[in-house]
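Trainee: This is the structure, below, for whatever I ask next.
The values are calculated or read from the model by the stated rules, or taken from the named source; none is laboratory data. Bear in mind that the values here come from a model prediction, so they are computed numbers and not experimental data. For neighbour counting, all protein chains shown are included, and Cβ atoms are generated from backbone atoms with ideal geometry for every residue, glycine included. Please note that ligands, DNA and RNA were not included when accessible areas were found on the heavy atoms of the full protein model with its side chains. Shrake-Rupley method; radii C 1.70, N 1.55, O 1.52, S 1.80 Å.
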Amino acid sequence: MKPSGKVIIQPNAPSKPSQTPQEGEAPLYFFKTTRRQIYALIIFNLLLFINTLPNRFTYDDMEYIVGNASIQNPAKILKLFAEPYPPHRPNLSLYRPIVSLTYLLDWCRSLRPSEFADMNFNDRAETPFFHLTNILIHIGTVLALLFLARRLLGSERAAFAAALIFSAHPVHVEAVASLVGRAESLCAFFFLLSLVAHIGARKEKRLFAPLRILSWFFFAASLMSKETAVTLPPAILLTDWFFWLRQKDDGGERENFLLFAKNAIIRLLPFTAVFILYLIIRLKVLGVIGINPDGWYFWKETTAQRLAAMSAGSLAYWRLLTLPVAMSPDYNFPVRIWGPFWAQQPGGFLNGWALAGVAVGFLYAALAYRAVKNKSALAYPLIFFPIVMFPFSNIMPFGDFIAERFLYLPSVSVSLAAGIFYARAHQKMKWRKWAFGVFCFLVIFYSIRTYMRNLNWRSGVALWEAELRLNPRSAGRYSALGAEYSLARRENIVNGNIWRERGDFKKAAHYLELARYYEAQAIKTLELAMKEDPQTLQNYYNYSGLCVEMLEPDLDRAEQFLMEGLRYSGTLGEVRYVMYYYIGLINLKRVPPRLETALDFFHKSANRLKGRQLLIAMNGAASAYAFMGRYDECYQTLRKILAIEPADILACRRLRLLRHKSEGLIE
């Protein structure tokens, strides 16, 4: 006999009626069947992402992990909760102490004792532990989704199908294979756990029931993992409304809406309190609640231009969710919409791609309205998606345009919808085989795409070589690839010197030969970057820095391109002052050195730079003072450096040499 209410998805019929899982209960039947699903999902995800373990630090990892001194010092563990993320980039207005804490724990496990204590973090720490943590967080998120879907849909088949789709979706590669993507997966993990705990406490009449307190705790952890967790309270309201929509009392009537709304608002008050407390802490640490105006991606555009750009960009998001091919680590205009079709940044809504995005938005709204009207289970994922995508819409200030990792939590909607469709089709005997075949094809296709995409993240060079191959019109591809070639060159020089000190000259020669190869590739690629975009200071900075650091430095060529780059105003103001540092370094390296000119440029650079770059510029000035015989000023500069960063290796070494000189131990 069918129930009186309209329920789209029915639970799988158990072998014995007495074992049927009831809402709010946790009978042995549920755990027995779910246990097998948990084991299957853990093994599946381990196999899917096992090839990320050898991956190196890539792309933004260099900024947020390699260049982050706070996560490399266990003594600063409490300080992580009182500083920006990363601490040397406060202008980004990011506060993510939970993510920083996990990086610090990984660093403590990954550090290998070495006699080469002066090497930088990237050479002293192994990455497998970092990547293993990312995989485990992803598995935790998958399992949280499994329990959430089981509670929402009442169907083990739909829940398991949703978890499988979420596990295999290629759009998650950036969040799992890229270490910086951990903010997305960690935020989603706590976000979904908070929803699961909240649903588990639905029948509790006490406001301070243990599961409700746990839900508030998970919300706080999600906020401190990434700011986009602010969408959890609306998601909580959606969840309560969804259960109210399907709720039936003994008389067959739904609970009074006003009573439901009153109870829902009361349950939401603690989440509001947690959010306000988070804002107070954020304001204390960062000095701002939102983000700085210059950190907003569209801070120069009008509201109409910004919304038109996001309308066109939304088409790229739909492509990534439905047919994840030709994927990219960096999405800027021109952005690939589909296949050979690329969109330029629209100046307003009188643009074909912007209007197409609006049309797709209206179609989506119509589908959501129909699902709500029919009381369909699809109503939940269709409404959940725009809620969790709102922070990335650039309607409110945001620092990026499009990124695959932003779809990590929103893809929960796609996974739930896929599980619902599969469970519906499986209920009809004539569609059962077809549904199973299509579902298996989708999982296999996604899994292969994910496994192969993981390999693109094994190094910075591999990532941008793939970008150049897959997205030949991508903005900044030559500049990024040239910079990665430069880093690979430097890394191979370091490895060559290490093996030379160990007495293995064959390996040393091998690494130095690789360094020459990457050096040639970097020069060629950066020349293409300057030819394509002659007004971007970053290209000149990368190119000239490479010329200075070459195995056989070409100082004249470096200075020529640096001076050429300074002719352009550009938007990367900070890069201009890094270029001043390189001009100073060039004059310091000349024979004979132009010490006064070098010192002048070092001072220009140090006056505007911050963080690690400031310390580098100050070290350059200290070198110039030492060459000029102005040892008192050199000493004072070194003391200033050590006051900012007591562990600065270069300053410590120079201070030691300076003291030896003053004692007559060296000439």
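Trainee: Between helix 611-627 and the chain, what is the angle of the helix's C-alpha long axis to the longest principal axis, kept within 0 to 90° and rounded to the nearest 10?
Mentor: Between helix and principal axis, roughly 10 degrees.
Trainee: Report the equivalent ellipsoid semi-axes for the range 223-335 in whole Å, largest first, defined as the square roots of five times the eigenvalues of the gyration tensor built from alpha carbon atoms.
Mentor: So the three semi-axes of the range 223-335 are 36, 24, 13 Å.
Trainee: While we're here: Would you mind checking Lys531/Lys640; Lys262/Lys428; Lys373/Lys428; Lys203/Lys375; Lys531/Lys604 for any pair whose Cα atoms are more than 32 angstrom apart?
Mentor: Those over the limit are Lys531/Lys640; Lys262/Lys428.
Trainee: Could I ask something else about it? What ranking, highest mean first, results for peptides 58-71, 588-601, 405-418, 431-444 when packing means the other Cβ atoms within 10 Å averaged over each residue?
Mentor: 405-418, 58-71, 588-601, 431-444
Trainee: Assuming a viscosity of 0.692 mPa s and a temperature of 37 °C, what translational diffusion coefficient in µm² per second does Stokes-Einstein assign to the chain, Rh being the Kirkwood radius over Cα pairs?
Mentor: 119 µm²/s
Trainee: Taking the Cα centre of the range 226-341 as origin, work out the dipole magnitude from +1 charges on Lys and Arg Cβ and -1 charges on Asp and Glu Cβ, in debye rounded to 20.
Mentor: It comes to approximately 200 debye.
Trainee: Sorted by mean Cβ packing within 10 Å, highest first, what order do the peptides 613-626, 453-466, 207-220 take?
Mentor: 613-626, 453-466, 207-220
Trainee: If you don't mind, there's one more thing I want to ask. Quick one: dipole size for the chain, taken about the Cα centre, charges +1 on Lys/Arg Cβ and -1 on Asp/Glu Cβ, in debye to the nearest 20.
Mentor: The calculation lands at about 2540 debye.
Trainee: Moving on. Assign one of three labels to the range 427-557, namely rounded, prolate or oblate, based on the Cα gyration tensor with a ≥ b ≥ c the square roots of its eigenvalues; rounded applies when a/c is under 1.5, prolate when it is not and a/b is larger than b/c, and oblate otherwise.
Mentor: oblate
Trainee: Run the quick spin-label model on Val358 and Leu277: label points 7 Å from Cα toward the beta carbon, then report their separation in nm to one decimal.
Mentor: So the label points at Val358 and Leu277 sit 4.5 nm apart.
Trainee: In the chain, if the dipole is taken from +1 on Lys/Arg beta carbons and -1 on Asp/Glu beta carbons about the Cα centre, which of Ala264, Ile395, Gly584 is farthest to the positive end?
Mentor: Of Ala264, Ile395, Gly584, it is Ala264.
Trainee: In addition: So for the pair Leu323, Ala365, with labels modelled 7 Å out along Cα→Cβ, what separation do we get in nm?
Mentor: Simple spin-label model gives 2.7 nm for this pair.
Trainee: Could you tell me which of rounded, prolate or oblate describes the range 312-439, using a ≥ b ≥ c as the square roots of the eigenvalues of the alpha-carbon gyration tensor, with rounded for a/c under 1.5 and, failing that, prolate when a/b is larger than b/c and oblate otherwise?
Mentor: Since a/c reaches 1.5 and a/b is larger than b/c, the shape of the range 312-439 is classed as prolate.
Trainee: If Lys and Arg each add +1 and Asp and Glu each add -1, what is the summed charge of the other residues whose beta carbon sits under 13 Å from the beta carbon of Leu463?
Mentor: -3
Trainee: How far apart, in nanometres, would the label points at Asn292 and Arg653 be if each is projected 7 angstrom from Cα along the Cα-to-Cβ direction?
Mentor: Taking the two extended label points, one gets 3.1 nm.
Trainee: Return one number: the angle in degrees, 0 to 90 and rounded to the nearest 10, between the long axis of the Cα atoms of helix 631-644 and the longest principal axis of the Cα atoms of the chain.
Mentor: Roughly 10 degrees between the two axes.
Trainee: Where does each of 321-333, 640-652 land if you order them by average Cβ count within 10 Å, highest first?
Mentor: Sorting 321-333, 640-652 by mean packing, highest first, produces 321-333, 640-652.
Trainee: Any idea which of Ile50, Phe242, Thr303 is furthest toward the positive side of the dipole for the chain, if Lys and Arg beta-carbons carry +1 and Asp and Glu beta-carbons -1?
Mentor: Comparing the listed Cα positions along the dipole, Phe242 ranks first.
Trainee: Can you tell me the length gained on complete extension of the stretch Glu513 to Ala209, counting 0.36 nm per residue apart and subtracting the Cα distance?
Mentor: 102.9 nm
Trainee: Right, something else. Give me the net charge for the shell around Val196: Cβ to Cβ below 10 angstrom, other residues only, Lys and Arg +1, Asp and Glu -1.
Mentor: Charge balance in the 10 Å sphere: +2.
Trainee: Which residue, Tyr451, Gln560, Met429, has the largest displacement toward the positive end of the dipole of the chain when charges sit on each Cβ (Lys, Arg +1; Asp, Glu -1)?
Mentor: Value computed over the given set: Met429.
Trainee: Let me ask something else about it. Using a probe of 1.4 angstrom, how much of the accessible area of the chain is carbon and sulfur, in percent?
Mentor: Of all accessible area on the chain, carbon and sulfur atoms account for 62 percent.
Trainee: At 222 nm, what helix-only mean residue ellipticity would the chain give, in deg cm²/dmol to the nearest 500, using -39500 (n - 2.57) for each DSSP H run of four or more?
Mentor: That comes out to -21000 deg cm²/dmol.
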